[in-house]
Amino acid sequence: MTRTAAGLALSVGLAAALAVVGCGGEQVAPGAITAETAPANTPAMMPEGAMGHGTHDPKHGGVVLMSDAYHFEVVAKPSGAYEIYFTDMARNDLPATIAKTVTLTIKRPAGAPPETIPLKVNDTGEAWVGSGKPVDDLQNTLVGVEYLGKTAEKPYQMDVPFYATQPGATAPGATPAPGAPPPALARP
């Protein structure tokens, strides 16, 4: 399977998994934020049993994904600058320290060795940030995201196609929103 086909299969699988699992599951996963475990400065949570859920629209120009009870936004710039933001299920901002560690692995095509980028909490405490080498091939590069939640026993891992982290990028076969960048960012 070529890297392009693998990326497409990953994108389709991710979309299918989100459609089947959804974001409002009732079971609390290990390491999930609850009213009892949330930091004192965390915004108010939904009442128990409420099925409220925030939008998956990015706040920082990246792509919003979900794991356990967190949403996280991956911002990956072709210049090699990276940011990760965490929010709760209703998309209220969470402090970056909701995670113990965050590491990215940039997986380039054509047998190039992966680049590991350990991120650090920025000065405002709202995001994990780091930098690496510039990325030229947005279509065939993957961003491996790994983080260890504050109370998790094992890290969460997910590969995200680099092109999907770009503002206005669309899922395969989707029509770009009005005013979105040209479809070159959308995977064919």
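The values are calculated or read from the model by the stated rules, or taken from the named source; none is laboratory data. Given the structure is predicted, the values throughout are model-derived calculations rather than measurements. FYI the Cβ positions are ideal-geometry reconstructions off the backbone, even for glycines, and counts take in every protein chain you see.
Do you know which residues across segment 55-77 are outside any strand (DSSP E or B) and within 17 Å of residue 104 (Cα to Cα)?
62, 77 - these are the residues of segment 55-77 that are outside any strand (DSSP E or B) and within 17 Å of residue 104 (Cα to Cα).
Give segment 153-165 a look and list any residue that's in contact with a strand residue (DSSP E or B) (Cβ under 8 Å, 6 or more places away or on another chain) and part of a loop (DSSP other than H, G, I, E, B), or say none.
Those that are in contact with a strand residue (DSSP E or B) (Cβ under 8 Å, 6 or more places away or on another chain) and part of a loop (DSSP other than H, G, I, E, B): 154, 155.
Looking only at segment 85-101, how many residues end up being out of contact with any Asp or Glu (no Cβ under 7 Å at 6 or more places or on another chain) and among the aliphatic types (A, V, I, L, M)?
Number of matching residues: 4.
Out of 133, 107, which single residue is within 22 Å of residue 166 (Cα to Cα), touching a Pro at 6+ places or on another chain (Cβ under 6 Å) and touching a residue at least 40 places away in the same chain (Cβ under 8 Å)?
Of 133, 107, the one residue that is within 22 Å of residue 166 (Cα to Cα), touching a Pro at 6+ places or on another chain (Cβ under 6 Å) and touching a residue at least 40 places away in the same chain (Cβ under 8 Å) is 107.
So for segment 148-169 (the condition being among the β-branched types (Val, Ile, Thr), surrounded by 14 or more Cβ atoms within 10 Å (Cβ to Cβ) and at pLDDT below 95), does at least one residue qualify?
Yes.
Take residue 98 and decide whether it is more than 21 Å from residue 166 (Cβ to Cβ) and touching a residue at least 24 places away in the same chain (Cβ under 8 Å).
When the stated conditions are applied, residue 98 passes them.
Being assigned to a strand (DSSP E or B) and either in contact with a Cys (Cβ under 7 Å, 6 or more places away or on another chain) or under 22 Å from residue 153 (Cβ atoms) (or both) is the filter here; which residues of segment 94-115 pass it?
Of everything in segment 94-115, those that are assigned to a strand (DSSP E or B) and either in contact with a Cys (Cβ under 7 Å, 6 or more places away or on another chain) or under 22 Å from residue 153 (Cβ atoms) (or both) turn out to be 99, 100, 101, 102, 103, 104, 105.
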